[in-house]
Each structure stands twice: as structure tokens, then as C-alpha cells.
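These notes are about the structure you will find just below.
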Amino acid sequence: MKAERIVNTSVVAALVLFPLWAWMTDAPFLITLATKAVIFALAGVGLNIALGIGGLVSLGHAAFFGLGGYAMGILASHAQAYDPIFNAPFVLEGTKSMPVIWLVAIISSGLAALAIGALSLRTSGVYFIMITLAFGQMLYYFSISWPAYGGEDGLSIYVRNSFPGMNTLDPIQYYVICVALLFAVLLFTSRLARAPFGLALGAARQSPLRVKTVGISPYKLQLVAFTISGMITGLAGALFADLNRFVSPTMFSWQLSGEIIVFILIGGTARLFGPVVGAIVFVLLEHLLGGLSEYWHIYLGLLLLLIVLFARGGLIGLLAGKERSHD
Amino acid sequence: MKLRSLALVAALSALASGAYADSDGAKVKVGMITTLSGGGASLGIDARDGFMLAVKQSGNENIEVVIEDDQRKPDIAVQVADKMIQSEKVDVMTGLIFSNLAMAVVPSAVAQGKFYLSVNAGPSALAGKGCNPNYFSVAYQNDNLHEAAGAYAKEAGYKKSFILAPNYPAGVDSLTGYKRFYQGDLAGELLTKLGQTDYASEIAQIRASGADSVFFFLPGGMGISFLKQYADSGVDIPVVGPAFSFDQGILQAVGDAALGVVNTSQWGKDLDNAANAAFVETFQAEYDRLPSLYAAQGFDTANLLLSAMDKASVTDADAFRAALKAADFPSVRGKFKFNTNNHPIQNIYVREVIKEGDVYTNKIIGTALEDHGDAYAAECKM
Amino acid sequence: MSPILLAEQVLNGLQLGVMLFVMAAGLTLVFGVMGLINLAHGSLFMVGAFAAAAVAGATGSFLLALVAALAAAAAAGALIEVLVIRRLYDRDHLDQVLATFALILIFSEGTRWIFGSFPLYLNVPDYLSGPVTLPGGIQYPLYRLTLIAIGLAIAGGLFALISKTRLGIQIRAGENDREMIAALGVDISKLYTIVFALGAALAGLAGALVGAIQSVQVGMGEPVLIVAFVVIVIGGIGSIKGALVGAILVGLTDTLGGVLLPELFKLFMDNSTASSAGSALASMLIYILMAGVLIWKPTGLFGAST
């Protein structure tokens, strides 16, 4: 536990100090890169509630990431064009206000997660992996062929959305917004994991029967976890779309679902900071290796392979020993 | 191989022959974002090689090119663009092949005062209402080649076309473009799945439709699959399409199935002008393969930029913009000028696939549209 | 739509289905016997197609190309089994997904490094090209008929292998009780390598056969992989019979859905909208089918219930 706390503290320190240093040395792109890592981390923290604590391996979390992104894209593009989303039965205007967009992103991805979870949780194991993948693919193909919001071209927003009292186009200010949300969600997750709900969810992963005998339905526990997990990933999607000022069907792709899992595994499954460490390492690798060689995917592949084969428990497991914080 | 150092070497190794002088010595830093890995890499590689060949031939030391891979992912493209603007401080951007990536990068890049010269993508959204004085398409407007195919079909007297394209915005645009110039009836209209590899059911529908011609737009691997399966099906209705499925890079993979097929392009390697002859020869000498349409577009883009650098400094944005707009460079396409919306006015030719020795390539057999602009210029207010 | 066109579309669906079966058979065997999810199965499909294209280009013989595809994919399969896969059998599915995802990256970029970024040429041999006329006047490509025949022959061969041979008995035993067959003195690690190489060879063969009428290019394996997973999940993971039924169901659904849905929509909307809405729904159809099957039967049509 102690070693892991040291790792976690250093990660928090790095998340605060690195962008500060980049800001002082006038390297705005490094801040943008850090923002991307923070947003991916948030998506990973979301999935980790289902995957890490609940043992639900979802290969379809890009669905929620994309829904969050499209919540931002649709609301902002309508606001940009001064064109209401619909006029009947009542007039609904778009918006460029981040808090409102976040709320819409969280609610819509939460509803989707509730529906997808309710159907998918009838299955388990590999079947669960595959049915979540199927739902992700449905949304992917739908977003490509639905012309109203750009289809495969996606939606472009000229200016980043606004947050009261901040200039969101300034990289460091947008970073502050994102990192604050990440810290808030981390706090929430650590509370959740220790609360009776989290403990029961963990127990349902290890032995559903034991939970059932105490009179709790594992299905309901897992459904709630899956929904919360989808909401957080949806929020990350809205932030990611705003970072790029752009949203497209690639946010729904199964490769992205795979990458979110990769963040968790690189860092360490079921560790509070696992996805954070994983996302930082992944973004760093992508940046460094990408500049090194056209064929950098080979090196990324080799590295992932080494991590799976020889660093079980992820990087945090490597640094902090084998015990798991949530168990 | 380090891409960035390759670019630097290419820029520096070209020692000035003496004839060259920039008007006030201002350096121009170019950010090239293009697809160099994964599917679609061959297109980006060709565009890059064409561009760098022109830079090398110019011997201009004042141009520095930074090249990065977009992996054909919009979010990566946006991120690389941010990096080029924020930390590399580039003046001019170029290189994107795919329209969806261009839509992600271009609007915000030109909003930040950068120049963007397109080597390939020309989405309609950037040609009409969304046009921008700092955005120049040096290739075409996306509809152009499809319009030319429609014009050819009308000229050839086709009365009943069967048309198909993938179900995504560029695909829908292609069918609209074809119908804009084709005057006959449609035997059928199909939108296929993006990335589809099996066209058996579409070909069966074509066979049953009683069409007298087939128009298709299926870029990349989709076109290879379609042509091979079409040739094997025994259906012998004539096919016409835009150049993308008959380009130098992929023709060898289609093989005999493409022989004799008519396609439309604003360039061909046998186009008769001095600039083109020199380009085809030097490109082959440098890279040991025939140039493709994308290489030709990259080459023209670099020469346009170099011509503007001769006339004005990039620090004087208005003068530089005017110099670009003048398009005072020897295009490998022959005649070339910009329309009011900064998109080309150019001839679009009809080509036929032939075999030269062991190599499949194209021969120009006619002109589909002369001095052709695009349908969106009137909507562009700038 | 005329009955002849409909019959031709059913043949097309069948052809797609049997090729999906050849691809999915290895995937489902490996899962059934070793309990492994192998995302890199699509890469073996690609290896087969590239090996076939290279050999066909050098020798001009399609038969040699098919042999090369089988051999190269089996060798690649055996190699990764020994180096990587066998360390994953006792891991959870999550580790397997990540490790085989890593293998996809290595295979794809490695192939691009060796063969370049341009698609390769591989074509139907002359003696199989062109259409033949079937009873009822259907003009149908001979090569596609050959694919249906090869696919059905492989299906028959696999059923015979599993029900009649010694290897088949070991495979069935392995699916039911791993400790037991080890106790009976079967060299289990050799059995696993053989099963994995067999699945790989089938994927490679499918790659070469399908590559002749498609584009042989890097990344060609991933879309097929996803659909192959849909197939084995619908059929029930581990079941060869399920894979066959699932493959044909998916092949028919995908082909007929793409044809019939736009026609259906044309009954109550204008042509362009119907075409666009119909093909949008058609592209989602196999995933809807899979979700539907799983909601109805959570372990697939022929899967062992857990």
C-alpha cells in the first residue's frame, strides 16, 4: 500500500508540475499533449470501474466516448450556426457552454450505458466482450452513414467551447479544467471503491453466488457500475472533442475501445491510478516512437507484448509490488 | 529512417545554383501532415515524394519542410497540426490526403492565420460557404473528376447508367457530381458499405439492371476488389470512374481487370508539356517508379509555393496570398489557374488503362471538360 | 426483384458464409481447446494472402500459391504459439486480448516493412476465371462456385477430423478436461501447437482464396477478424458446428440485408433517402443479429451453457 501511495503521489505531482514547467518554458504543444493524456486517463478511469472493480471487460467503451464527443459536436455546431436543434414540440437551442455540454454528454452516455448494459449483462465472459463490441460497431457504422452530422467527415468546431471565467483556447487553462475534472473523478472513484457498493461489486466479481446469498443482485450492482463507467467515459469524450475542436466516427472505432483497455493494463488493472499511468505512458510512447520511425507500431507492439508477458499487474504492479488496492 | 532529418537533408543538400534569390530573404517553414503509415500510406508517400522532389530541384535554401504522419486518424492529424502551429511555428501547411482529415485540420489552421495548400483533398464544404482566402486547393474540388466522368458518359451517348459509391459524404458527393453532368436515366443507384471487400451482390444487381454503363467511385482497396470481381463476373457493360482506382500505385494490383477501362483525371504522365516530361523523367530517376496522380499534385503544390516565395515574403500575408493566387508556376498539368474560391480552373482529361511492357498505366484519349471550375464557387464570399 | 437475381444473391451469401467459416474455424478451435482469444487470427489471414501473392508472382502457379499460403500461415502460427501464445493459456482473457492486439501491430507493420505500402497483385487463375451458366440461367463466376466447394469440403474434412481421428479425439478431450488428457500421456504442448497451426493454416488459406478476388493489402485481416468473431459468438464459442451455422447465417444476412433493405425502404420513401437509410441499417445488421442472438441465448446457438 505504501509503495503504491508514493507512486500515486508522484503521478499527481507530475500532472501538476510538468505542464507548469512547459508553460514557463513556453512549450504549448507539450501542454496539449499532457491534456490528451489526462483526457485518455479519464476515459480509462471510467472503464476501470467496470473492468477493474467489477471485472466487466467491455470492448465497446468507445461507444460512450463517441457519444460524449457527439454531444459536444451537435450542441456546439448548432450554436455556431445559430440553428436550433429542433423546433417542435419546443425550441431547443445548441450551446457553447462547457458545463451544459458535459451534463448532456454524461446523461446521454449514461442512458446508452444503461441500455447496452441491461442487454449485455445477460451474458458473461467472452460473450460479454463480444456483445459490447457489437454495440460499439453498431454506433460506429451508424455514425458513418448518418449524413446529418457529417458522416465520416465528422464535425468541425472553429472555436473551443467556453467555460465561465476561463479562456479555454489557452492550452494551460484548458489543461487546468481537464486535470481538475480528472482529480475530482479519481476522488469519487476511490470513495466508490471503498463504499459498500464498491465492496459488494468487487465481491460480485470474485463470487457472484456469495453476493446472491446475502440478498444482493449481482446484475443490478454490475448494471449500476457499467452505467457510472459509461458516464465518466462519455465526459472524457466531450473533453476530447473539445481538445481537438472536432468529432468524427473514429471516436466510436473498436481500436479506440482497445486502446482504453490498453491504458488500464499498462498501468495496472483495478489500481486507482492504473489508467492514469497507462494513458501517460501511451501518449508519451506514441509521441516519441512516432518521431523515430515510420514503422513505430512494431515497437509499440513489442513493448505491449513485453508488458503483458513479463510485467503482470502493469507498471504500478512493477513499481509498488503485487497487492491490489481495491481487493 | 528519421523523417524529419530526411526533410532537412533534402532541403539543405540542394545547393543553390545561383539564379535564385528570395525577394527579401524570409524563410518559409512548411508543415506537411500526410498519411505515411497504415492503410492509405502509399498515397501520402507519393504526395510527399512529389513535393520534396520539387523542393530539391528548386535549390531554394529558404524553405524548410517538417513532415509528420497522421496515421489517417483525424485526432492525430489535429494534434500534429497543433504541434506544428504551436511549437514548430510553421507558416504554411500542406499534405493531407483524406477529406475527413482536411475537415478536421484546415478550418482551425486558416482561422489561426496559416496558409493551407491542399495536395489532394478538396471537400465541398471548403469550396463554397466555408471557403477561406488562406486555403488553396492545388489538386481539384472533390466533385471535379466525377463531373468529368458524367460529361464523358453524356458524350459517349450512354442512356442508362448504374452508379455506385460507398455510403459516406465523399461517396454521396461523387454520385451528385456524376449526375450533375450526365443527362441520361439511372438503371440503379447504390451506396455500399465503407471498406466493403465483396461486391458480388452489387455486380449481380448491375447484371440484372439492363444498364448500358457503370459509374463507380470506390477509392483504395475497395476499387481493386470491385474491378477484379467485375472482370471475373463476365459482365461486360463499360465502366467509367475517377482516376483514384486507376492510379499508378494501385493499377499493378488490379492487373488485367483494369485494361481498357476509361477514367477521368486532371493529369496523366503522357500529358504533352515540358514541365510534365521533366517531372516524369526526374521522378523515375529519383525514386525508381512511375509517378502517380498524388505525386504530380505534390509536385505542383511545392512549385506553387516556391513561385510565391519568389514574389513575396510570407511575413507580408496579403502580398504572399496574392502571389499564391497568381499561380505563376509551370504546372505539370499545363494550363492552371485559380477560381474565385481558390480552387483550380483546369482541363479534365479522359484516360484509358493500357499496358506498356509489363507495366499497367494510363493513356490520355480525350478531354472531358475544358477550363473547368466547380459548382460551389458562387457560394464562396471572400 | 426476380427469383433468378434472388437465387444468385443467396449463392453470394453462401459463398461469403463458407469463406467466413474457413476463417472462423481456427478461431473457434483455438478457443474451444485452449481457451484463448486470438485477435491476431486476422494477421494470419493476411500472411496467407501475401505469401500467395508473392509465390504466384514468382512462379505463376495458383496451386503453388495456395500451398505457400498454407505453409506460411501454419509456420507463422506455430512460431507465435511457441514464442508468445503458450504463455497466455493460463492468463485471463484481458491479457490475451492485449498480447494478441500487440501481435496485430507487429504483423501489420512488419508486412508493410517487407512488402511496402502498395497493394499486391493476386488474381484468379485462367482455368477458374469467368462465369458459368447454372440451371435456371444464372450466370455465376466459376471461381466463386469453387470457393463454395472448397469451403464445404473443408467443413466436411474438419468434422471427419474431429469425429474420426486420433487428433480429433484428443481435441475433444482437451475441450472437456485438460488435466485428464495430460494424465493419459498426451503431449499437451505439442497438441496445442498443432491445433494452433491448423487454425492458422486455415486462416491463411482463406486469405489466399479471398485475396484473389480482393485487394491484397496491409490491414486486410482486421475487418474479417471482427466478422469472424461475430460468427463464432453467434454459433457458440468452441463449436465447429456453431461456426458453420453462424458463418452461413452471417453471410446470408449481410448479403441479403444489403440488397433487400434499400428495396424495402423504397416502398415508403424516395430513392436516394431509401438507398442511404437502407445501406446504413444494412451495415449494422450483422451486429444487430449477434446482439439479438446473445440476448436470446447468452452463450450462442450451440455454445455450452456456463
Of (1) in contact (Cβ under 8 Å) with a residue 12 or more places away in the chain; (2) under 16 Å from A:ASP170 (Cβ atoms), A:LEU51 satisfies all except one. Which? (2)
So which residues in region A:128-164 are within 7 Å of chain C (Cβ to nearest Cβ), farther than 30 Å from C:THR299 by Cβ and hydroxyl-bearing (Ser, Thr, Tyr), if there are any at all? A:SER145
Regarding region A:257-275, can at least one residue be identified that is of a type in the set (Lys, Arg), surrounded by fewer than 20 Cβ atoms within 10 Å (Cβ to Cβ) and more than 9 Å from every other protein chain (Cβ to nearest Cβ)? no
How many residues does region B:176-187 contain that are aliphatic (A, V, I, L, M) and either surrounded by 23 or more Cβ atoms within 10 Å (Cβ to Cβ) or touching a Lys or Arg at 6+ places or on another chain (Cβ under 6 Å) (or both)? 1
Considering only residues of region C:251-273 that are within 13 Å of chain A (Cβ to nearest Cβ) and surrounded by fewer than 19 Cβ atoms within 10 Å (Cβ to Cβ), which is farthest from A:LEU133 (Cα to Cα)? C:SER272
Out of all the residues in region B:231-244, which are touching a strand residue (DSSP E or B) at 6+ places or on another chain (Cβ under 7 Å) and not acidic (Asp, Glu)? B:SER233, B:GLY234, B:ILE237, B:PRO238, B:VAL239, B:VAL240, B:GLY241, B:PRO242, B:ALA243
Unique residue being more than 7 Å from every other protein chain (Cβ to nearest Cβ), out of contact with any Phe, Trp or Tyr (no Cβ under 9 Å at 6 or more places or on another chain), touching a residue at least 40 places away in the same chain (Cβ under 8 Å) and of a type in the set (A, V, I, L, M) when the list is B:ALA47, B:ALA81: B:ALA81
Checklist (1) in a helix (DSSP H, G or I); (2) touching a His at 6+ places or on another chain (Cβ under 7 Å) applied to A:LEU139, failing item: (2)
State yes or no: is A:ARG205 among the charged types (D, E, K, R), surrounded by fewer than 14 Cβ atoms within 10 Å (Cβ to Cβ) and either away from chain C (no Cβ under 14 Å) or touching a residue at least 12 places away in the same chain (Cβ under 8 Å) (or both)? no
From C:GLY242, C:GLY199, C:GLY238, grab the single residue that is within 17 Å of C:ALA24 (Cβ to Cβ), touching a residue at least 40 places away in the same chain (Cβ under 8 Å), part of a loop (DSSP other than H, G, I, E, B) and not aliphatic (A, V, I, L, M). C:GLY238
Restricting to helices (runs of 4 or more DSSP H) lying wholly in region C:75-186: which have 3 or more residues that are away from every other protein chain (no Cβ under 11 Å) and either loosely packed, with under 14 Cβ neighbours inside 10 Å or more than 22 Å from the chain's Cα centre (by Cα) (or both)? C:142-164, C:166-176, C:178-183
How many residues of region B:160-178 are modelled with pLDDT of 90 or more and among the aromatic types (Phe, Trp, Tyr)? The answer is 2
Could you check, for region B:188-197, whether at least one of its residues is more than 14 Å from chain A (Cβ to nearest Cβ) and buried (at least 24 other Cβ atoms within 10 Å of the Cβ)? no
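The values are calculated or read from the model by the stated rules, or taken from the named source; none is laboratory data. Note that the structure is predicted; figures quoted are calculated from it, not measured. Note: ideal-geometry Cβ built from the backbone for every residue, glycine included; neighbour counts use all protein chains shown.
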